[in-house]
Structures are given as structure tokens and as C-alpha cells.
1. Given A:ARG17, A:ARG45, A:ARG28, which one is under 30 Å from A:ASP113 (Cβ atoms), among the basic types (Lys, Arg) and more than 41 Å from the chain's Cα centre (by Cα)?
2. For the stretch A:106-122: of the residues being assigned to a loop (DSSP other than H, G, I, E, B) and surrounded by fewer than 16 Cβ atoms within 10 Å (Cβ to Cβ), which is farthest from the other protein chains (Cβ to nearest Cβ)?
3. Do any residues in the stretch B:91-102 that are in contact (Cβ under 8 Å) with a residue 40 or more places away in the chain have Cβ atoms under 9 Å from those of residues that are part of a helix (DSSP H, G or I) and hydrophobic (A, V, I, L, M, F, W, C), where the two are at least six apart or on different chains, and which pairs are they?
4. It is to be established whether one or more residues within the stretch A:67-89 are out of contact with any helix residue (DSSP H, G or I) (no Cβ under 9 Å at 6 or more places or on another chain), of a type in the set (A, V, I, L, M) and either surrounded by 20 or more Cβ atoms within 10 Å (Cβ to Cβ) or within 11 Å of chain B (Cβ to nearest Cβ) (or both).
5. Could you list, ordered by first residue, the pairs with Cβ atoms under 8 Å in which the first is in the stretch B:140-165 and touching a residue at least 60 places away in the same chain (Cβ under 8 Å) and among the aromatic types (Phe, Trp, Tyr) and the second is surrounded by fewer than 24 Cβ atoms within 10 Å (Cβ to Cβ) and part of a strand (DSSP E or B), at least 6 apart or interchain?
6. Please count how many residues of the stretch A:15-33 are within 11 Å of another protein chain (Cβ to nearest Cβ), touching a residue at least 24 places away in the same chain (Cβ under 8 Å) and out of contact with any Cys (no Cβ under 8 Å at 6 or more places or on another chain).
7. Go through the stretch A:596-618 residue by residue and tally those that are surrounded by 14 or more Cβ atoms within 10 Å (Cβ to Cβ), over 23 Å from A:PRO503 (Cβ atoms) and among the β-branched types (Val, Ile, Thr).
Amino acid sequence: MLQKREKVLLLRTFQGRTLRIVREHYLRPSVPCNSPLCPQPAACRNDGKLLSSDVTHYMIPDWKVVQDYLEILEFPELKGIIFMQTACQTVQHQRGRRQYNKLRNLLKDARHDCILFANEFQQHCYLPRERGESMEKWQTRSIYNAAVWYFHHCQDRMPIVMVTEDKEAIQQYGSETEGVFVISFKFLRNFKRFKMKKKKPNKEEARRECTQKSSSLHSLQAIFCSNEMQNYLDNFWPDLKAAHELCDSILQSQRERENESQESHGKEYAEHLPLEVLEAGIKSGRYIQGILNVNKHRAQMEAFVRLQGASCKDSGLLSDILIHGMKARNRSIHGDVVVVELLPRNEWKGRTAALCENDSEDKALGDPPSEPMPTGRVVGILQKNWRDYVVTFPSKEEVQSQGKNAQKILVTPWDYRIPKIRISTQQAEALQDFRVVVRIDSWEATSLYPNGHFVRVLGRIGDLEGEIATILVENSISVVPFSEAQMCEMPVNTPGNPWKVSPEEERERKDLRETHLVFSIDPKGCEDVDDTLSVRTLTNGNLELGVHIADVTHFVPPNSYIDIEARTRATTYYLADRRYDMLPSILSADLCSLLGGVDRYAVSVIWELDKTSYEIKKVWYGRTIIRSAYKLFYEAAQELLDGNFHIVDDIPEFRDLDEKSKQAKLEELVWAIGKLTDIARHIRAKRDHCGALELEGVEIRVQLDEKKNIHDLIPKQPLEVHETVAECMILANHWVAKKIWESFPHQALLRQHPPPHQEFFSELRECAKAKGFFIDTRSNKTLADSLDNANDPNDPIVNRLLRSMATQAMSNALYFSTGSCAEEEFHHYGLALDKYTHFTSPIRRYSDIVVHRLLMAAISKDKKTEIKDNLFSNKDLEELCRHINNRNRAAQHSQKQSTELFQCMYFKDKDPDNEERCISDGVIYSIRTNGVLVFIPRFGIKGAAYLRNKDGLVISCGSDSRSEWKPGSLQRFQNKITSTTTGGESVTFHLFDHVTVRISVQASRCHSDTIRLEIISNKPYMIPDTELFHQSSLLLKSDLVKEVTRSVEEAQLAQEVKVNVIQEDYQKYCQTKGRSLYTLLEEIRDLALLDVSNSYGM
Amino acid sequence: MAGLELLSDQGYRVDGRRAGELRKIQARMGVFAQADGSAYIEQGNTKALAVVYGPHEIRGSRARALPDRALVNCQYSSATFSTGERKRRPHGDRKSCEMGLQLRQTFEAAILTQLHPRSQIDIYVQVLQADGGTYAACVNAATLAVLDAGIPMRDFVCACSAGFVDNTALADLSHVEEAAGGPQLALALLPASGQIALLEMDARLHEDHLEQVLEAAARAARDVHTLLDRVVRQHVREASILLGD
């Protein structure tokens, strides 16, 4: 059935000789056409993605169009696109892996209506290349030929539009076959505009007609008859403005590039070495491969290359490699995978320890840098990690100073680490006050800056919505509202048509509604209840503990639209003032939420425990139906546990009961909570006994300490109920991890937390020594113990800072696939468990959804009914883990950045000289050569304060401890810094000293605003108003957000009444904003590397 | 440089085959009159010629004779023009010697050597064009040649290679796929009994995947058997017509 053909290739060898190679090429009578119009779908073996049937035509882009305008083809509005294999292969060969992968993902994505047609393997579509025919001509000819075949294959029922940029092709093929139209994509636009105007009415009509009828050959023809020069975008998508703009900007940047390559002037950078040389160099150890990491604070000068994989072990280098200056960085951009050559030792440089302002370009610094570290230069880039960048156009004055070349404009990215980008556009003036998204196209060796093109506008500078959008784009978070197709998959639950437990499910699932007392403990007002608990005594006297988690996977089938969307989002994003859900609210706040008094599906883990020793005897996993009896909040549960029953009146479930049944039910509940606490205590003691003392147990207290200081709602000690619930969740996660790992040793999703590098603890140790504490960092147990001991009775902040330093020194906890790691590496350092995963929050984490599916497959495996089809293979799972880890990091960053945004907006309107709030107490937690880093506990802000200002004056404090700027010098020691004026006065700042700082906002046009700190006194700040001191910083924080939001909203209301959908949503469903204590605990448990400003923020 | 995509998302290999499909096989028996048995085979662009002499008396040193069975002597050579880069020596290098040994092992397992004690069977194989799967082509050619010589065998020996790319086993690798450097498994099978005459693999492959690759190679070898069987029957039919039987 296959036909063999031979392809002769002429290849050039490395020595320059030509080699004649004969390769086989097999053709087959049928390849999948993936069209719903296919007359013999069985013969074509059409499986998987089909083109949708409601399009008026199919569009086949020529190879050149796919290469240059892929971004436009990515618009979901463009439907019915057939990519020919020939076109895909040219993309692969000429544009490299990155572009090709983009195309592959597009083809895989079920949301885009496009398919690949393997025309070169179809016996009628394949055309051998003729002698003397150029590659380009042959490709176009092949694609046209395939288009014609496809047209006839669909029995001439669907007109096909081939889009090409080749004028000759349009002339040659334009009128060859009726029904297959060959037109241009966009070019020749200006030329024909006047022509179109004349015939517009006619054409408009025809187009309308064409959209109405499904079989529309004639109407299409009518369009094409109306004018001879055609162009796809104008004809079919005149309203898709974004696509037009994007197209213009791509065209322009292309033209620029062509011009540039013609007039190659002096080279700014060394050429990159060819890939073979790089690969050979890496193998031989001459070059080193790593990821470029630009120093945010000195983006012009310093970048570091973090070593990757094998090269790390071989080279014997422990630290990162410094890349000093833009020349050495050689056109690589933050995040690229680069190849580095080490410089000889005498050219090595040290990193600068001085604080510095970002704007100052290449300022000569007086201070001697610290000891030299390995320094290198970039010789090649293995993988470019260019993404979309948010930039700001220069203001009018700056444009004028740039002068003659007004067409090309240097724009400044929001991210300091990205170099300026050259954009050619005519809209510069109009875009001045906006945040704009651009994409980098190229960076030639001849050009000082990379070339890019303009993509879209985000919003005005300084506008809250615009700035939030900026943060989202910078973290590559895209949160469009859920589409109609996705919402269609959702079950219905309206008062008229309530959702019910279906009888089939009732048969399949274990029914716990009558037998178990199930209840949930969550923060007050929480509506997305992931988890519930149950405990009871069995007939044999043993105890039965159950953890019941919302069964999200029941509502989200694998590879459904909603699943794909959730996978892309990977997590719910919590910003300071809003939330972007992973799942639509019908699931997250209603059907999946285990609310009190309603029937819900759940996935349960149920243990049988020995009655006295609480030893786990048996474990059962499975799907269940539950009805939560009580939806308690933490404080109420704690009160019940402590025996204070007055709280009962606050629990709605008890309200309508008569006295007697109330008493009985109350006793039952109190017994359950008490037993649960008892069990949790035992489990924890057992873990502690095994040498596992968790760091986070202490951390929790820190968090709560903070609450305690200021929040009179929260009692002094952390509630034991928190730990109880957390312990049960950890237990469930741990057991599920064990189960799925046993069933799927190579494709289970677990979570690891690698032990930290000892050298990262050195700063912590030194800081502690300054206060006279010794920190033993050899194991997690000793570390936690010594952190406990390092407590200054006079200053609780010291302990807090030390802990945050310890957290910073640790690596992130990560998801991984068990097939790609050795079993020893599964260990979770923070929790001291050998296997751990995330199972308990499927509503807001995609990883939990994957784990749920794995668990379901594992159970069915036990029952000998395999449902393995929908599980990820090791390779896919690893890819997915990388994606989820990545998204989690983005979620953390965006949360942090949005908090900072709100902080800045809060302080922006205040006058720093007069306003009381802008002066605050701060603690020095790190010393640099020209300043100190200060932590302000009241606002949870971390920032730098300079001891030497821009004019070279140093700080000095008189007898009244007020600071002044005077000429003098600074001297830095390990634990202190001394500033001596020429007059002989000197002032010394020690680590952990309290000082008074003034907070002001440094506004920036192109970047985010930053908080500036200025030391105004070397004495602790005396609070004039005690009430203010007792005000909770947390309270203040939420006030802060509210205040900023309110002022923004007021401003908006003045213009127009605009309802913030998310805000409304929030009020409607009252969901937790990720600040439930449990999530807080989870977060610390993850030991994520959050800045203190963040983890104590919001 | 984007490396060649050996298996596309749509499941096509570089040359248009799907994962389990063989290359085109063409074969002829009895191509030389002066030898006892001979055969020529094309597997895609890999072309091999096999010649068999024997069983005959031991040539050279008598000491080599085996008292209870025949001695199988295999020699492998590949033409200087068979590969992309011209070779210096057609035979006698390490690789050829190894290939000769492997062939010998394979055929000692298949030929009923105990029927011809103290005698010798010579198998000479030459590769005219090497485009991947040379071992398999040699075994298949030699099988036909041994059959042509009328030497009794337990069964056909059918060989095929298999590789492993993107979690999928590929049957019958071409040169492009071999050169990519993934694991490659060569299997010689006695199809009727399903016994393995020779199994060889150079690169590392995870144990979990071995079964899958082995299964693919075995299925391909059975497919080869069907084709070779057809060739033999065709040859016998033609010969009997010529003999006027």
C-alpha cells in the first residue's frame, strides 16, 4: 500500500564538499484530512482534532506566511486553517525550534481551529522537486497542489483560500482551479486601497452573503470578481483590528531588518559562535552552559550565569559566573540559556556590594569591589527565552532629543533587567502615556539594542488597571474570562434547575451521608471549601479518621476545554485586591465547594486507627458522597475545643434546634473535634520522634505572633485547631503520595523540597553571631532548634528576621514526576517526609487535579479495571510539572508586585515631610558599603537606605540624634557601618539596630514606583500615639488596599459608572482571598522564597 | 539548529512511514550459478548480497573440524562505495569481523548442523549499499541463500531492527534514524517457534521500555518472514516451471 519514491538531496559537508544523498520517501493513499466534510472518514483515519464545520472557507497559508505571520495566525478568530506539512517543515528548518514548537502547540491546542495536513506523504499531493527548481518555488507549488487536492477531496464543497506573499504564484495559480483562490495576505495594501473604496458596497454585500450561507462558493467568487488584487486580512477580517495592527508592526520591523542588514556598519558585539562549536566546547569543558540572570539593581553592569546540570560538576566552580558589562553579555537577555567562556583569572572582577540606583548608567564607583569571582563572557546563545515585554515610550521631550531618526524609537521595558528595545512605529506620540506590550524580533551584532515590534496597548501609566495588567503580562499570566465553550461544559445549578446527585454516581460511590459526621473548619467567611474531616468510633473499638476532598475531577473531564484552561492557568492567582480563579465560580464556589447541609461528591482517604496507640491499621481511598454537617470557622472550633460553649450561638447550624437535640449534637461535635485534635497530636509526635522537627511549625507561630501583636481578634497562642487541620491534610497528602507512587512508579506527580546548600546559610550564621546566637544548620532539626533558641526577649523582630533569612536560604519546593528523579531525591526537607504531594486543594491548584486523576487510576488498577488512557507519561508529566512550578512562581511574583504597587499607591499621595504615617520604626538587617537594608515591621516593607547620598555626603547624627548630610567617609565592618564626617563626628549603625525612617515614593515613568527609605534618626521611633502602634499592620494592610481601591474607583466613577466584575464576584461568593490560615500554613510549608515584605504582607 | 524530528506529532517518520511500518523489501534467490546458493535483498536502500558454499569438506586446517556438527563460517564485507563517506577497506576491520561473528552465531542456531558432521558451510555476505539495518539485511539475505543451497534449517531466520524515539518503538530504522543516536536493537527471530537467534543492543535503554521495543522488533521480523516466504515460494514455482516439472 505504500509507494516508495526516492529523494535526492545534495548536502554540503563541513569540509565544503557536496554530498549526494539518496533518501527514501514513502507515499500512502490516505493521510488524515481532519475535515468534517471528508467523504470517507474511516479511510482517512480522522481521529483527534477536526476542523469546525461552521466556517465559510478553509485557509491555507503559504510557507512564507507561516514563517513571518504566525503570530497573526494564532488569533483564535481565524478559523479553519490548514497548515501544510511543507510549510511546517520550512518553519522547522529556517526558524528554529522555538518558532516550530509554537506552531506545534498551536496545532495541539484544541481551542484553535487549525490542523496539519501531511501533504508530502499523500501520493497525489506529493510533487518531486524538479531539476533546477528553486526550493521556494517548489514549496509553493507543493502547497498549491495539496490545496487543490484537498478541495476535490472535500468534494468541491468548501472553497479554499491559499494565502501567499509570492506575486508570481498569485498570477500563476490565481485562476487555475475554480474554488481554490490564491490571494496575498496583507501586502500591496496601500496600492489597492483606492480601488477597494470604489467597489466597497458590492463587496460588503457579497461578504455578508458569504457569512450567511454555509456552502458559499459563489458568494466567495463574487468577492473575488469584484476586484482583482486580493488580500486576505482586509477581505475576510476587516474588523479584527488587533490583527491588522500586529501585521503592520511586523511588516515594519521586517523592513527595518532588511535595511539594516544591507547597510551593515561597525559591529557593536562579537558574533555568536556556531552551534557545533558551542556544543563541542561544552562537551570538552572549554565553555560553560547556564542561564543568564541579570542583577535587577545594576542591570547595566552585572549579570550572573547560573550553571546548569553537567557543566556544574565538571568545571569545579561553586559560584555563579559574573558577566560584567553589556559587551560581555553579548546580546543575551535575562532568562536565556547561554554559553560562557571564562576569562583569565587576572581579569576577574568582584560583585559590587554597594547599594545603587538603577538609573545611573555605568557610574564609576569609588568603592573597591569585593573579592573577585569567576568572570566570563557570552560566546553564544543556546535558547532564547524572549517573551512579551511591557514597555513605556519616551516622553515628548525625550523623543525630540533623540532627534533625526524619529521613526525608530527606543522604548524602556518595565523590567529593569531587559535592555531598551528599538521599535519602529509612527504612533509613538499617541502611545506616550500608555503601557505597551512589545515583542523582540532580532538583535543583530551591528545594533546596540534589539529590534522589536509593537503588539498592543495595556492601559495608562499610573492607572490601577493598567498597572495590574502590566504585572500580569510581565509574569506571563493571561486571564481572559472563561469562554462560552468552556462554560457550556459546566453543570447547571440554579434555583429553577437545582443540581442533584445522580443515581449512577450514587451506586458507584460510597455513601457517607448518613453514617459519618462530616464537618469543615475554615476561616470565617470562606466559601470555597476544599476539605472536610470526619472521625468516629468503629464497632471493634478502633477509630476511623476521614479526610474528604472536593471531587473536582468529576466535573472536569481530562482534555475538556475547561481542563485545558485550568492546566494553562495552573493555579488561582491572588493579587492584593483581586483573584483570578483557576475554575469558573460555579465549580469553585458552589458545586465543588463542600458546603454545609448539601450533598456533594468527594474523594476520601479514610484510615482505621488503633484505639489506644493511634497506629494506622488500614487505609481506604475512594470516591464518596458526603453531606457536611457543620461549616465551622477556626475560632469557633477552638472555643468548642476549650469548652466554651457560648460560641454555639455563632454557628448557624445550631440556631434552629430545640434545646435537647442541640445538646446532643453539640456533644457529638465536641467529641469529634477533641478526638481529632488528639489524633493530630499523636501523628505529629510520631513525626517529631522520627527525627523530623518541622521548621514551619515554628514559622506558624511567627506568623501568628505578628497577628497577636496587632490583631486583637487572634488570641496569643496559635490555635491548636489550625495545626490539627494542617496535620490531617499533611497526613492525607503523604498517604496519597505513597499510593500513587506505588501504583505509578514512573509517572506520579509528587512534591519535593531539596535540602538547602550550606553555603547559603553563611549570612544567617553571621547575623546571628552579631546578636550572640549560634545557629546550627546541619539538619532541619538542629536548625529549627537553634532558631527557637535565638530569641531576644527585648526584640521579637530579631527572631523574625533570622527566620526569614533561613527561609530565604532554602530552595523552593517543587513538583516533579517520579520517573525523572531518583527515589532519594523525593524527600521533603521542610516537612521531613519521604514522599509528599498536593492532594487537598483541587479547586485552586491544577497539580491536585492531576493527583486526583492518578489516585482514581490507582484505585481502578487495584480493581483490575485499567483506565490509564488519560494519564500523563513521564515526559509529559515532567513538562507539566515545569509548567506548574513556573506558574506558581509567577503567581508569587505577581502577588508580591501587586502588594508593592498598592504600598506605593498608598504612600504616593502622602506628603512624606508632614504625614505622620510616613515616619516609622525600622530594623537594619543587612549592611552594604554605602548603606543599609532596613525592614519596617509596621508595613512589612523591606528597602534600602543610603548612608551616602548622590553628592557624596554622608549621614551624621547630632546629639539630638537627628540626621544631617555632611561631607565625610564611610567604613564598613562585618556587623556595623560607621560614618565619619570631616568634622570628626561619627555615627555607627549595627545590625538589628532600630532607626527611624521616613518613607517616600520614588515615582518612575517607565518602571514601577519604588518605596524609598531615608534614615532620619538613629534612635528607635517614638510613637506619639499609642493607639496607632496597636493598630494591626495586617488591618492596616487591608485598609491600605481598600483605600487605594476606593480612591481609584471614585476616580473612575467620576468618569463613568464602571463595575468591577471581579470585585462583584468576590462579594457574591465571599471566597477566601488566599489568606485563610490554612493556605498561609501551606505557603510556609512550601517554604517558598518570598520576601518578607510579601509573606508578611496582605 | 533544530534537530531532525524523527517522529512527528502526527506519527510520521522522516521518510513518511508510521512507527511500525517496514521499508520496502525486494529479494531474489539464485542470482549466481557457480555458488551452491545465493540471494540478493533490498530493504529500502540497504542492499545486500549473500552467497553460500557447502556443506563441503573442511578447507585449510583439518584441526578445525568438529566431530559432531558442521562448521559455519561467515564472512561479512561491505563495498567501499556503500556508505556516504568512501571506505578504505572493504573487509577485515573490527566492525566487519564482529558482524561476521554475529552472523555465525545466528546461523549456528538456525542450521541443523548436526546433520553434517566434520564438514563446513561458508556464508559470504556483501553489503552494496548501507542505509541502516545492515545486520538485518545480511541475515535475511543469508537465510534466502542458505535455503537456495538446500541446507536444512530449523526455520527461516528473520531479522529486523527497532529503535525507540519519544516513548514509541520504531521498526526497521533507516540510516537517518540510526545516526540520531538513540537506542537501537537488532533481533534475529525464528518465526515459527518465536525463538530468538540473536539479540543485540548497544545504547542504553530503560528496562521498562525494553519489552515494548522487543515486541516491535519481533512483529517486524514476522512481517519480514511473510515477505521472505513469498519470495521463496515464487522462486520454487519459477524453478519448477523451468525444470518442466
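The values are calculated or read from the model by the stated rules, or taken from the named source; none is laboratory data. Everything numeric in this text was worked out from a predicted model, so none of it was measured. Please note: Cβ atoms are built from the backbone with ideal geometry, for glycine as well, and neighbour counts cover all protein chains shown.
1. Answer to the selection: A:ARG28.
2. Taking the stretch A:106-122 and keeping what is assigned to a loop (DSSP other than H, G, I, E, B), we get A:109-113, A:118.
Now restrict to residues that are surrounded by fewer than 16 Cβ atoms within 10 Å (Cβ to Cβ): A:109-111.
Numbers: A:ASP109: 12, A:ALA110: 14, A:ARG111: 17 Å.
This residue is A:ARG111.
3. Qualifying pairs under 9 Å: B:GLN102/B:CYS138; B:GLN102/B:VAL139.
4. No - not one qualifying residue is present in the stretch A:67-89.
5. Pairs found: B:PHE156/B:LEU190.
6. Final tally of qualifying residues: 4.
7. 3
Results for (1) over 21 Å from A:ILE730 (Cα atoms); (2) modelled with pLDDT of 75 or more; (3) out of contact with any Pro (no Cβ under 8 Å at 6 or more places or on another chain); (4) of a type in the set (Lys, Arg), shown as yes or no for each residue.
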residue	(1), (2), (3), (4)
A:GLU766	yes, yes, yes, no
A:LYS769	yes, yes, yes, yes
A:LEU783	yes, yes, yes, no
A:ASP795	yes, no, yes, no
A:SER811	no, yes, no, no
A:TYR815	no, yes, yes, no
A:HIS828	no, yes, yes, no
